[in-house]
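A short write-up of the structure that comes next.
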């Protein structure tokens, strides 16, 4: 199958959720004999060359579009009169659309796969079978963000949420099939055509076999992209409300915040009361295997939290909030500790510290759960089945359009 695959951010390095999905899917598609033509957006010429070098082994062709931040800012102002979401206007450029249409006519792909509604405008009117990977419900994300933001920012996020909800409903009618990572996000969008396709993880039994054994240290860990608002909110609130109790009871324990690009408020926590902010680490498996437990007390965010699957895949006993677990389906309840309020989180952390046998139990069960439910191979198999459904839907739509109209005299 010849696939035109569009992503708003380059798939490599896979530091963010959408990048990770694109990177793993493209590799799987190559392994399954598909021919991928990647169209993606970069900031600089150097980044474009780097992406072409990294993705060329897996793609028939890699085409990059450079977008200047100032241009994106001006385009976002179009929302004032076209009433499309700011995020859609940010990424849309008429000149790039013309180029995309030329590529489409030349390639005549069997399938167009678009990652996130931000890029929908580029192919929305094409007649090829097309699939949209929403990943999560951006309108719900914006709605939750509005409730957390400063007062002067709330109206902007509330407006964006309403515009995005309307746009998502429009997209669901224009694309042949749509995928999303979380059942809860599908329920929110309330459309039976949406296919839930959870993410996988690169951390497999074979992957971990290459590591030497490590001795557990007295570390409680959170990891993730530390520019992502729900992650920032989670660690700031944890350090303020929970960590003082843990630090007082167990002064030899450390709280590690691991992840790329920590914002100033997170950086400021480093060195205070045994809090360690590491920033980016090259191999996330190392700190995940060294820590005694992972803590993910998310209060906002949508979609699937890859960090939790990664933690359990490494055998890390995990404590997570219901919000953090909304995209992790199929749980029996004994794979990790699900808890929400401050008192329950404190009790759960203390319980794991006091009972090493519980750590071992959650480590084994969590790891087994991930290995049986989450892999990129399963994700890609579901994706290809969804593409087949999209092709059938497009053929049926085309045949209805071509149906002759009999005029009786």
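If I take R0 = 41 Å and measure r between the Cβ atoms of residue 43 and residue 329 in this structure, what FRET efficiency does the formula 1/(1 + (r/R0)^6) give, to the nearest 0.05?
Efficiency at R0 = 41 Å is approximately 0.70.
Let me know the shape class of region 1-159, please: from the alpha-carbon gyration tensor, a ≥ b ≥ c as square roots of the eigenvalues, rounded when a/c is under 1.5, otherwise prolate if a/b is greater than b/c, or oblate.
Prolate shape, in that a/c is at least 1.5 and a/b is the bigger ratio.
Does anyone have the angle between helix 45-55 and the longest principal axis of the chain? Alpha-carbon axes, 0 to 90°, nearest 10?
On a 0 to 90 degree scale, this one is about 90.
Determine the distance separating the Cα centre of region 313-378 from the Cα centre of region 74-102; give it in Å without decimals.
Going from one Cα centre to the other spans 42 Å.
Quick one: grab Rg to one decimal and Dmax as a whole number for the chain, Cα atoms only, in Å.
Spelled out, the Cα radius of gyration and Dmax of the chain are 22.6, 92 Å.
Using helices alone, what [θ] at 222 nm do you get for the chain, with -39,500 (n - 2.57) per DSSP H run of 4 or more residues, divided over all residues and rounded to the nearest 500?
Rounded to the nearest 500, it is -14500 deg cm²/dmol.
Pick from 94, 129, 244 the residue whose mean-square fluctuation is largest in a GNM of the chain, springs joining Cα atoms under 10 Å.
Among 94, 129, 244, the largest GNM mean-square fluctuation belongs to 94.
Please work out the C-alpha center-to-center distance from region 11-41 to region 44-73 and express it in whole Å.
13
Cβ neighbours within 10 Å, averaged per peptide: list 79-88, 221-230 in order, most packed at the top.
For the peptides 79-88, 221-230, the packing ranking is 221-230, 79-88.
On a 0 to 90° scale, report how tilted helix 342-354 is relative to the longest principal axis of the chain, with both axes built from alpha carbons and the result rounded to the nearest 10.
It works out to around 60 degrees.
Give me the extension gain from residue 31 to residue 191: residue separation times 0.36 nm, minus the current Cα-Cα distance, reported in nm with one decimal.
Full extension from residue 31 to residue 191 adds 54.4 nm.
With springs connecting C-alpha atoms under 10 Å apart, model the chain as a Gaussian network and identify which of 348, 120, 311 has the largest mean-square fluctuation.
348
Put a dot 7 Å past each Cα toward the Cβ at residue 83 and residue 66; how far apart are the dots in nm?
So the label points at residue 66 and residue 83 sit 3.7 nm apart.
Does region 14-57 come out rounded, prolate or oblate, given a ≥ b ≥ c as the square roots of the eigenvalues of its C-alpha gyration tensor, rounded meaning a/c under 1.5 and, failing that, prolate meaning a/b above b/c?
Here region 14-57 falls in the oblate category.
In region 172-189, whose amide N lies under 17 Å from the spot 7 Å out along Cα-to-Cβ of residue 396? List them in ranges.
172-179
As a test, work out the antiparallel percent of DSSP beta bridges whose residues both lie in region 1-102, rounded to the nearest 5.
Values: 0 of 12 bridges.
Rounded to the nearest five, the antiparallel share is 0 percent.
Relative to the present Cα-Cα distance, how much length would full extension add between residue 159 and residue 286 at 0.36 nm per residue of separation?
Answer, rounded to one decimal: 41.5 nm.
Just how far, in whole angstrom, is region 195-256 from region 159-178 if you go by their alpha carbon centroids?
34
Roughly how many nanometres apart are two label points built 7 Å out from the Cα toward the Cβ at residue 95 and residue 241?
Those two pseudo-labels are separated by 4.9 nm.
Roughly speaking, what is the stretch gain from residue 209 to residue 341, that is 0.36 nm per residue apart minus the C-alpha to C-alpha distance, in nm to one decimal?
Residue separation times 0.36 nm, minus the Cα-Cα distance, leaves 43.8 nm.
For helix 17-31, what angle does its Cα long axis make with the longest principal axis of the chain, in degrees from 0 to 90 and rounded to 10?
With rounding to tens, the tilt is 60 degrees.
Can you tell me the order of 233-240, 71-78 when each peptide is scored by its average per-residue count of other Cβ atoms within 10 angstrom, highest first?
Ranking, from highest mean packing down: 233-240, 71-78.
By per-residue mean of other Cβ atoms within 10 Å, what is the highest-first order of 253-261, 163-171, 302-310, 315-323?
Values: 253-261: 20.8, 163-171: 18.8, 302-310: 25.1, 315-323: 22.6.
Ranking the peptides 253-261, 163-171, 302-310, 315-323 by packing returns 302-310, 315-323, 253-261, 163-171.
Only the coordinates and a few stated rules stand behind these numbers; no lab work does. Just so we're clear, the structure is a prediction, and the values are computed from it rather than from any experiment. With ideal geometry, Cβ positions are generated from the backbone for all residues, glycine too; neighbour counts draw on all protein chains shown.
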